[in-house]
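Below is one structure; the comments refer to it alone.
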Amino acid sequence: MAVEPVMPKSWRLESKPHKFCPGCGHGIALKALGLAIDELGIQDRTVFGCDIGCSLLAWDFFNMDTVQTHHGRTTPVIYGVKRANPELICIAYMGDGGGYAIGAQHLVNAAARNELITVVLVNNTQYAMTGGQMAPTTLPGQKTETTPYGRDVLTAGYPMRGPEMIAEITPDGAYVARGTVARSRQLGNMLVRALENQLSGRGFSFVEVLATCPTNWRTNAQQTWSFLENTVENYYPVGELKIPLSDPEEEM
Amino acid sequence: MEKVVTGEKRVFMTGNEVVCRAALAAGAEIMYGYPITPQNEIMHYWTRLAPRFGRRFLQTEDELSAGFATLGGVLAGRKAFTATAGPGNVLMQEPLAMAEMMRLPVVSIVVQRGGPSTATVIYSQQEVTLTTFGGNGEGLRFVYSTASHQELYDYTIKAFNLAWRYRFPVFVLADGYQGKMREPLTIYDPESRGIHMEETDAYLGRHGIPGLDRPPGHFRNTYNTEEELYAVMQGHIAAFEQAAEEVSEYETEPADGGLLITGHGIVARAVQQAAVQLRSAGFPVGYFRPITLRPLPVGALRDTAARHRQILVVESAYGQLGRLLRDAIYGCPAEVHALCKPGMGVTAEEIAVRAKQLCAARED
Amino acid sequence: MRRYVEAYVGEGTSGKSEVAVNRALELTTRGRRVTMVDLDIVKPCYTLRPIQGSLLAMGVAEVVTWASRDQVGMGETPVLWNPAASWVLQRSGDIVFDVGYGVEGAKALALVEGSEVEADLRVIMVINTTNPLTATVSDIVEVVSSFPAVHALVHNTHLGDETTAEIIQDGARIVGEAASVLHMPVVATTAVAELAAAIGEVDCAGHQVRAIRRLMTDTFW
């Protein structure tokens, strides 16, 4: 008997199989996100925005209204939607370059203002779609197309720890976590809590997802998981960095 | 809720306040903005008046954000707008290129300041090239260049209607003089003048479960192949060309065989004044003023240019209008001259002096 | 001799500067020593700066504003506040302040040392009913109440070159009614000489009519 793969209800079957490379972390991240949306029953009022880079390949991924924007600009488009129609549940999906480099001012200000949106940022430690250049998240010593001898922190600078920064600059009410595609159930729970934070009106929510990129890492299956679970997760600790202290209903 | 304007009213105010009141009267629901002189008072008045009418505002972190958030507002189905100037207009071109690609009805008010770079906060007509053809694209946008407070009011209302009717981004191109100066105008409720205000509809967040009750709205600006992009662009260009006929506007009073003075925006007022004075003094001088800089009224411009022996292009920039006009009238035998004062106002008197010289040279 | 210390505040396009400058000139022609002070930090240095020379030529003792050549800073960021304005209440003679528009503009008075205890200070709000912000009795009452400590009103309804006696009289009725709700005096109705003559010594609401000259046409905005 053939086993049907479990696909989230909110996925669009017509656009599957998806466009990501084999072994790419995006598929797992988007599955966890789809299941979270199913669990909360919000597919009919969720708006999904995706960035430039590999995240744009999600532009027809869901049976949800979706807009693909410019590099780094998904955050302002999505908070623009939310401000104009607060009934909608708004998700901005982007890579590490979009969130921490070219769109850093948007992420920082949206977080500090406590915009009622959910940002999901996929960290695969380099710019994948443009061919594997250094990203703000590239690890010290890691080889990329623009750090062929390994990232030398003295010349190329240090990596960015995004969730730590976001946790620091957000007011109480924000939810900040770092998950990994190596533990998709934990990641799914984080995404549910992030979306619940928006649903309850508590505040900004942010989940960084550590993800694999065998194509640009030039790794086989075993090496891919080893790099993610040992090296990457060692530099970027997984867990919840900020959970709202207060319950908005009690505050009322 | 309070009505924005009841009936018609003759009023006295600054241009920036006029823009704010026109946006309110046009039913604009949300403004996204970032401070830059000389357009700040649009935001000042909007933040003061908008809550009375249940309208919203967000001050963003820069003009990129203001522009992209405005796209978000439009995608949510709201009449959304932004306003900017100078270096802010430069940043605004990135979101506006996305609006052009996705045909999003975004309204932007540009209150030109001096350039290049930070330059002055005061006045210029140096944002013509940027506003008509900015961004990585083909300039598929409508640009109104206003000359008076009445026009600021009329064309701001029109901008919202045209944006939603044709689904192209629309700019109202004013300048620092217009923003800050004051003069009387009539404000009105558009419906009471029989102006039908276009309905909006949402791109994102329509009713029903996507994929079940309706197809999901999937909007993108990225394409895989040249052919795919080419087909999309052919559609956009055809729609733009078709709209151009209906959208382009101008004012003219020709003087057959004589000198045609052209200018746009506030400079057109000086042009018109100079032309009227010179004609009453017996000089064969006419004028042509494009109201839409994009699309230009090419047909009327070519016809009018062909009836004159000389053309004088007057602008507070170094040939930005001149390049648009020369391109439009290419092949016309009239000699084209320029009076360029980048970042400076131009008076009717100095135009008249130059026009007389040209008329005299022609007779020699 | 009593000295006049008057600050003219109001909404944009009310004609604050025009009324303030005319008042300064009127006091000057009565042989008084008048200092005019530019307190406009909303649209800084644009109103009095261009006519500084002509005001001095017409006998105003001093004009505290920036001269273009003295402006510190560039482009967007000139130093807005002239330190001389902070200490201007120490000077002898009459003082007329031209204040920037709106509530935020009016708050600039707080930057003048001693303004909070100056017994002679009169804050006078200029009202033009053709500005929709102050078009009706309730609008005027709301706007005046939102300003810090206004003592009196000047009625300056006008439509630029299109002003008629009728427009002014319509405004006079509205401003008169608002003033009675606010329990505030209307110091005068101001109008250009020709229209002032047409209206007579008092307008239909009983306000003194004061003829003014239009000097702001020579300024920046």
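Quick notes on this one:
- As a rough footprinting exposure proxy, the listed residues C:Cys204, B:Cys359, A:Cys24 were ranked by other beta carbons within 10 Å of their own, and the order from fewest upward is C:Cys204, B:Cys359, A:Cys24.
- Per-residue ellipticity at 222 nm, computed for chain B from helices alone with -39500 (n - 2.57) per DSSP H run of at least four residues, works out to -13000 deg cm²/dmol.
- Under 12 Å from a label point set 7 Å out along the Cα-to-Cβ vector of C:Ser92, the amide N atoms of the range C:1-22 belong to C:1.
- For the range B:8-193: rounded, prolate or oblate by the Cα gyration tensor [a/c cutoff 1.5]: rounded
- Only Lys, Arg (+1) and Asp, Glu (-1) charged, at Cβ; the range C:5-218 dipole about Cα centre in debye: 520 debye
- For the range B:8-193, a crude dipole built from +1 on the beta carbon of Lys and Arg and -1 on the beta carbon of Asp and Glu, taken about the Cα centre, is about 540 debye to the nearest 20.
- Only aspartates and glutamates eight or more places from C:Lys16 in sequence, or on another chain, were considered; those with a Cα closer than 13 Å are C:Glu6, C:Asp38, C:Asp40, C:Asp98.
- Span from the the range B:270-287 Cα centroid across to the the range B:92-141 one, whole angstrom: 32 Å
- The value of relative contact order for the range A:15-165, using C-alpha pairs under 8 Å at least six residues apart, is 17 percent.
- Neighbour counting of Cβ atoms within 10 Å sorts the residues C:Trp87, A:Trp225, fewest neighbours leading, into C:Trp87, A:Trp225.
- Cα→Cβ-extended label distance, 7 Å offset, between B:Glu246 and B:Asn136, nm: 3.2 nm
- Based on C-alpha pairs under 8 angstrom that are at least 6 apart in sequence, the range B:252-363 has a relative contact order of 32 percent.
- With both residues required to sit in the range C:5-218, DSSP beta bridges show an antiparallel share near 5%.
- Taking label positions 7 Å along the Cα-Cβ direction at both B:Leu229 and A:Asp38, the computed distance is 3.7 nm, reported to one decimal.
- Residue-averaged beta-carbon neighbours from other chains (10 angstrom radius) around B:8-20: 4
- Mean-square fluctuations from a GNM of chain B, with a 10 angstrom spring cutoff on Cα atoms, peak among B:Val74, B:Val90, B:Val143 at B:Val90.
- Rounded to the nearest Hz, the phi-derived 3J(HN,Hα) couplings of the range B:125-132 under the Karplus curve 6.51 cos²θ - 1.76 cosθ + 1.60 (θ = phi - 60°) are 10, 8, 10, 6, 4, 4, 6, 7, where x marks glycine and proline.
- When both bridge partners sit in chain A, DSSP labels roughly 20% of those beta bridges antiparallel.
- Hz values of 3J(HN,Hα) by residue in the range A:12-17 - Karplus curve (6.51, -1.76, 1.60), Gly and Pro given as x: 9, 4, 4, 9, 10, x
- Helix axis angle, B:40-49 relative to chain B longest principal axis, alpha carbon, degrees: 50 degrees
- Loop-located GluC sites (Glu not before Pro) in the range A:71-171 (DSSP state not H, G, I, E or B) with no more than 15 neighbouring Cβ atoms inside 10 Å: A:Glu87, A:Glu145.
- Rounded FRET efficiency, nearest 0.05, which uses the C-beta distance separating A:Ile243 from A:Gln222 and R0 of 51 Å: 0.90
- Normalised contact order of the range C:5-218, rounded percent, pairs of Cα under 8 Å and 6 or more residues apart: 23 percent
- Spatial separation of Cα centroids for the range B:16-70 and the range B:150-187, in angstrom: 14 Å
- With respect to chain C, whose longest principal axis is taken over its alpha-carbon atoms, helix C:16-29 is tilted by about 80°.
- Sequence of A:Cys50, B:Cys20 once ranked by neighbouring C-beta atoms within 10 Å, starting from the fewest: B:Cys20, A:Cys50
- Helical contribution to [θ] at 222 nm, DSSP H n ≥ 4, -39,500 (n - 2.57), averaged over chain A, rounded to 500: -8500 deg cm²/dmol
- For peptide A:45-52, the mean count of partner chain Cβ atoms within 10 Å of a residue's Cβ comes to 3.
- Residues whose amide H falls under 5 Å from that of B:Gly258, counting only those 5 or more places apart or on a different chain, are B:Arg309, with hydrogens built in the peptide plane.
- Gained length - B:Ala239 relative to B:Thr47, 0.36 nm times residue gap less alpha-carbon distance: 65.5 nm
- Residues in the range B:212-242 that a label on A:Met129 would reach, taking backbone N under 20 Å of a point 7 Å out along Cα→Cβ: B:217-233
- One chain, two ends: C:Thr136 and C:Val192. Fully extended at 0.36 nm per residue, the span grows by 17.9 nm beyond their Cα-Cα distance.
- Given R0 = 51 Å, the distance between the Cβ atoms of B:Glu8 and A:Leu13 translates into a calculated FRET efficiency of 0.35.
- Long pairs among A:Lys82/C:Lys107; B:Lys180/C:Lys107; B:Lys9/B:Lys341, criterion Cα-Cα beyond 25 Å: A:Lys82/C:Lys107; B:Lys9/B:Lys341
- Charge dipole of chain B about the Cα centre (unit charges at C-beta), most positive-ward option of B:Val128, B:Cys359, B:Ile109: B:Ile109
- Net charge dipole size for chain B [Lys, Arg +1 and Asp, Glu -1 on Cβ; Debye, nearest 20]: 720 debye
- Of the chymotrypsin sites (Phe, Trp or Tyr not before Pro) in the range B:214-283, the ones in a loop by DSSP (not H, G, I, E or B) with at most 14 other beta carbons within 10 Å are B:Tyr223.
- Cα→Cβ-extended label distance, 7 Å offset, between B:Arg362 and C:Ala149, nm: 6.6 nm
- In straight-distance terms, cross-link reach from A:Lys19 covers every one of the lysines whose alpha-carbon lies under 19 Å from its own, apart from those fewer than eight places away in the same chain; here that gives A:Lys9, A:Lys31.
- Straight-line cross-link reach from B:Lys79 at under 13 Å between alpha-carbon atoms covers these aspartates and glutamates, not counting any fewer than eight positions away in the same chain: B:Glu29, B:Glu198, B:Glu199, B:Asp201.
Any read-out appearing in this document is the output of simple, stated calculations on the displayed coordinates, not a laboratory observation. Please read these numbers as outputs of a predicted model, since none were measured by experiment. Ideal geometry is used to build each Cβ from the backbone, glycine not excepted, and the neighbour counts take in all protein chains shown.
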